[in-house]
Structure formats: structure tokens, C-alpha cells
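The values are calculated or read from the model by the stated rules, or taken from the named source; none is laboratory data. What you see is a predicted model, and the numbers here were worked out from it, not measured in a lab. All Cβ positions, even for glycine, are placed from backbone atoms using ideal geometry, and neighbour counts span all protein chains on display. We work out accessible area using only protein heavy atoms, side chains counted, and drop any ligands, DNA or RNA first. Shrake-Rupley method; radii C 1.70, N 1.55, O 1.52, S 1.80 Å.
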Amino acid sequence: MTRVAVAGFFHETNCFSPIPGDLDAFLRPATLPGLTLGDDIVTRLDGMNVPVTGAMRVLAEAGHTVMPIAWASAVPCGRVTKDAFETIAGMIVDGVNVAGIAGGFRPDGVYLDLHGAMVAEHLDDPELELIRRLRARLGPDVPVVASFDLHANLSPARVAALDGLAMFRSYPHLDMARTGARAARLLLRCLAGERFAVGFRQLPFLVPLHAQATGEGGPASGLYAAARELETAPGMVGAELALGFPPADVAHCGPSIVTLGTLGADTEAAADALERVALAAESQFSRPLPEATKAVRLALAASGRPVVIADTQDNPGAGGTGDGVGLLRALLDARAPDAVLALLHDPQAARQAHALGTGATARFLLGAHSGAVPERPVEAEFTVDALTDGRIIAQGPMYRGNRWEIGLTALLRHSGVRVLVAERRLQAADTAVLRHAGIEPEQHAIIVLKSSVHFRAEYEAIASSIIVAAAPGLHMADLRAYPYQKLRPGLRRMPQGSPP
Ligand SMILES: [Zn+2]
């Protein structure tokens, strides 16, 4: 009987965020379950659109014994602390070993659910370190296959250390479980004795998140279509693309291409072909954004409803602190008659609202408490329209079934401007965030979401138009604003053709 060890360690690191990726961030994340061990991985993640569930299903259906070891993820933030990395990586490496001993022999293969853009305090490529430690424990013959997020920053050494990999192909990430399943199918082939030829290229430019959406019409959709075409060539097994996570200040930051084929297949030529398509599309990735005041003006002038404004620079899903008030201030200054903003991270305001009770009106100092960007809090009278315990069950196609706990939550209103404030940070990408507080997004003129692209999974069907805005925040849309130290020489910080 074949035994496959399964583990996950998922973190997207914004090196410019002051919020540490400490052990508590992995034990108590606001979104997915915290650090989970053994068979609890199967039960706690059951039905969720996450890679490990897709992988475990494929492995079990193939008749293999799945040995779940440890799985952890945190809301994106600053570098993973040495303590958190060593604790969780230690659990995975020791767990694989112990499971092997308990089962009488070591596992025959390993599947890893990784993000691909993790940076630790003491390691620029901690995922490579994890793979190396597993290899040292298991020997070179046990195949190790990983799935990665579309925002992975892949290094040549990490790709070379794996027997195979698969990456999300959709942003919003609708295909997380499908990607895990695809990685598991590569592992099945490895377990049957097959090995793959691999081509790898790193592109010479960074792409800001808001320009990475894979929906119809964008440059990314053309790239992924070209990859699908290449995969059909004889001998090809996969053509994978990562668009990268720019705020990770490491040498291997940025988009990359991985081509997989049977031994002898020309994966180098396939990688060259895909690289040519990407280079030809570079200038199309340049998408300048309006600042907050202009974005609100555009939204107020639009005819349909709702207009969705994406607050991409304060997106907690990309390491933003979630307490930025640039768009809130712009809505109030413009006296927007009917607007809703979600989700402002402000524990103090949430607690103040709960102490006051529904219907009360009081002076609030909202947001800008982290000091992440030089902003003043918004000071105004707000009425408490609704209070919740912050327990949300996501409904949309990307997050369906996810259970989120964002702590005490309050819907505050100043004239026509409503703002949802909560004790914990969350990217407000699923409509359940608004609906759980009694807001039906279809019924309002302007919806502001602290999200870059994931909101599109649900809101593209609802919104009459979408405006991506550049309000103050730590997740910069113009990457030239970051004080990078470690990018590799020659890497362009913005796509060619971006305005100066
Ligand atoms: Zn991602």
C-alpha cells in the first residue's frame, strides 16, 4: 500500500508590513482554520476551496493512504517570525518522520500545499528550506510535489528541489482545490515511477496585483490561454504561470513560468514560447489608478449602481493594515448620499459601538491607528446601525463554506456613508461580509471594498462598473514606491510603458 504524507504551510509575505507573521497569526487567523494537525485537516477543511482538499481527494480516490501531518495559514502580513517558521516547519518535518515510524515505514510520497511567496525573518526562501529539510529526512527517491498560489515568487532552486508543481490559474482564485488536485495527479505519476523534464523562466518585470486579474480581456487572460495551448503539444504535461507577489522583497520576486513534460520533451522551447508571449504583453500590464478623491468623483458621476471601488492599496489580503481611511474621508468630503465601505480594521471603534448599543449616536475616531501610512483618523459623529459577533459564513464561488471570525463588528453611519468596522483584519471580498450585517450590496450606489481582485468573483455580476483606486495603504499599486533592498539586478519594478 502506498502512503502519501500531506502538509500545508501557506503565507503571503508583504515585507513592508509592520504586522509580524508570528505563531499567533497562524494559530488564530481570522479566515481559514488555524494550525491543524493530523486527521483534523480532513474534517476542518472539508468542502472548502483550498488546495489540500483537492489533493487529498485525488490521492484517496487513487487508493493511496493519505497521512495528513500539519496544515497552517495566516492572513497575509509581514515576515514570518523565526519562531513561527521553525515551529510549523518542525511539525511538518518531524510529523512526516513520526508518521513514517508509526506506519512502520516512511511515506512513499509527499504533497505540500504552499503559497509560494513566504518570506521569513531569517530565510528569504523558507519554502525551499522546508522542502530541503524534508528531502534530507526522506532521501532523494521519495517524490515531493507542491501546489502554489498564482502569486508565488518562485526561485530556480525551489523549482529544482521539487518533482512537480501546479499553480492557481485564476485570479480571483476560483481554482484552489482544482490546483491541489492537479498537483496530486502529478504526484500519482511520480509514484508510478515517472519523472518530468522542467523548464523555468523568471520574467524581467513586476506586475502590480490589480493588473493581474485573469478575467476576460486583461493581459493575464491571454497569457493563460497561451499556456493552455502549449500544454496540448506532444510530451507536455503542464505549463504553469505565476504572476508573483510584488511586496516580497527578495531576489526571486516576480512572475515566472514553469513547463513540465515527459523526459525528453522540449520544455525549454515551451518555456521560451510562453516567455515571448509574456514579454510581448508587458506594456498591457500598465494600469494607472485614480487616487481616492477622483475615484469617488467618478463613482458619483456613474449612471448605474452599484459602483464598486476597490481599495487595493489597503487590501488586508495583500498585507494591508485595513485601517486606511483615504476612501472613507473622500466619501464623507463628497457627501456621498448612499455608500458602504468594508471592512475597516478598528478594534477600538468596534468595541465602542458595542458598548453604546444599536441606535446610539456618538463621536468616533475611525481608522489610521496602525501608523502604517501618514494619515489622521476620521473624526465624526456616527450612528450605530447594526452590531454583530463577526461570525461569517462565506457564500461566493471562491470562498464558499469558509467560516470567518472577525470579532466584534459594527455598522456605523454618518448621513449616507456607512462603514463596517471590526476587531480583526479581513479582505472584504465575499458579499457575506456585508450581508451578515444586513447590507444587500445590490441596493446601494457605491460599495468600497478593501480588496484588489478577489471581490470580482462575486461583485463582477453585481456591479454596474468597477473602479480600482489608489488610496493610502501599504500595498502599493506603483511598485516604484517601495524601498526594495533585495530585488535581483535588472528586474523592472513596473511593466514597461507605465507612466513616470
Ligand atoms: Zn493569491
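Taking only protein heavy atoms into account and a 1.4 Å probe, give the accessible area per residue of region 1-80 in Å².
35
When the accessible area of region 86-234 is split by element with a 1.4 Å probe, what percent falls to carbon and sulfur?
Percent of accessible area from carbon and sulfur atoms in region 86-234: 56.
Whenever you get a sec, line up Asp40, Asp113, Asp46, Asp385 from highest to lowest accessible area (probe 1.4 Å, protein heavy atoms).
These residues rank, largest area first, as Asp46, Asp40, Asp385, Asp113.
Projected onto the charge dipole of region 398-457 (+1 at Lys/Arg Cβ, -1 at Asp/Glu Cβ, origin at the Cα centre), which of His414, Gly438, His454 gives the Cα projection farthest towards the positive end?
His454
Would you kindly state how much longer the chain becomes between Ala461 and Gln348 on full extension, computed as 0.36 nm times their sequence separation minus their alpha carbon distance, in nm to one decimal? Write down the numbers at each step before the final one.
Numbers: separation 113, 0.36 × 113 = 40.68 nm, distance 3.43 nm.
Once the chain is fully extended between Ala461 and Gln348, it gains 37.2 nm.
How many angstrom lie between the Cα centre of region 112-160 and the Cα centre of region 265-315?
29
Report the full-extension gain for the segment Ser303 to Ala269: residue separation times 0.36 nm, less the Cα-Cα distance, to one decimal in nm.
Using 0.36 nm per residue and subtracting the Cα-Cα distance, I get 7.3 nm.
Using DSSP to call loops (not H, G, I, E or B), can you name the trypsin sites (Lys or Arg not before Pro) in region 169-258 whose Cβ has at most 14 other Cβ atoms within 10 angstrom? Spell out each step's value before the answer.
Numbers: sites: Arg169, Arg178, Arg182, Arg185, Arg189, Arg195, Arg201, Arg228; in loops: Arg169, Arg195.
Loop-located and lightly packed - Arg195.
Tell me which of Ser303, Gly324, Ser283 sits at the most positive position along the dipole axis of the chain, charges placed on C-beta atoms (Lys, Arg +1; Asp, Glu -1).
Positive-most Cα among the choices belongs to Ser303.
Give me the one-decimal nm value for the distance between modelled label points at Arg132 and Ala62, 7 Å along each residue's Cα-to-Cβ direction.
2.8
Size of the dipole of region 3-285 about the Cα centre, Lys and Arg at +1 and Asp and Glu at -1 on the beta carbon, nothing else charged, in debye to 20?
In debye, rounded to 20, region 3-285 gives about 440.
If you stretched the chain out fully between Gln496 and Asp83, how much longer would it get, using 0.36 nm times the residue separation minus the C-alpha to C-alpha distance? Before the final figure, lay out the partial values.
Values: separation 413, 0.36 × 413 = 148.68 nm, distance 3.96 nm.
Additional length available on full extension: 144.7 nm.
Nothing charged except the Cβ atoms of Lys and Arg (+1) and of Asp and Glu (-1): what's the magnitude of the dipole of the chain about its Cα centre? Round to the nearest 20 debye.
Computed charge dipole of the chain: roughly 260 debye.
Restrict the search to region 54-157; then list the chymotrypsin sites (Phe, Trp or Tyr not before Pro) that DSSP places in a loop and that have at most 12 other Cβ atoms within 10 Å of their Cβ. Before the final figure, lay out each step's value.
Values: sites: Trp71, Phe85, Phe105, Tyr111, Phe148; in loops: Phe105.
Those that pass, being in a loop and sparsely packed, are Phe105.
In deg cm²/dmol, rounded to 500, what helix-only [θ] at 222 nm does the chain give when every DSSP H run of at least 4 residues adds -39500 (n - 2.57) and the total is split over its residues?
On the way: 14 runs with 140 residues, N = 500.
Taken over the chain, the calculation gives -8000 deg cm²/dmol.
With a 1.4 Å probe and all protein chains left in place, how much accessible area per residue does region 292-476 have, in Å²? Walk me through the intermediate numbers first.
Details: 6650 Å² over 185 residues.
Heavy-atom accessible area per residue stands at 36 Å².
Leaving out ligands, DNA and RNA, what percent of the accessible area of region 292-476 is carbon and sulfur, probe 1.4 Å? The partial results should precede the final answer.
Details: 3130 of 6650 Å².
Looking at region 292-476 in its full context, I get 47 percent from C and S.
Loop-only GluC sites (Glu not before Pro) in region 402-500, please: DSSP not H, G, I, E or B, and at most 14 other Cβ atoms within 10 Å.
Glu460
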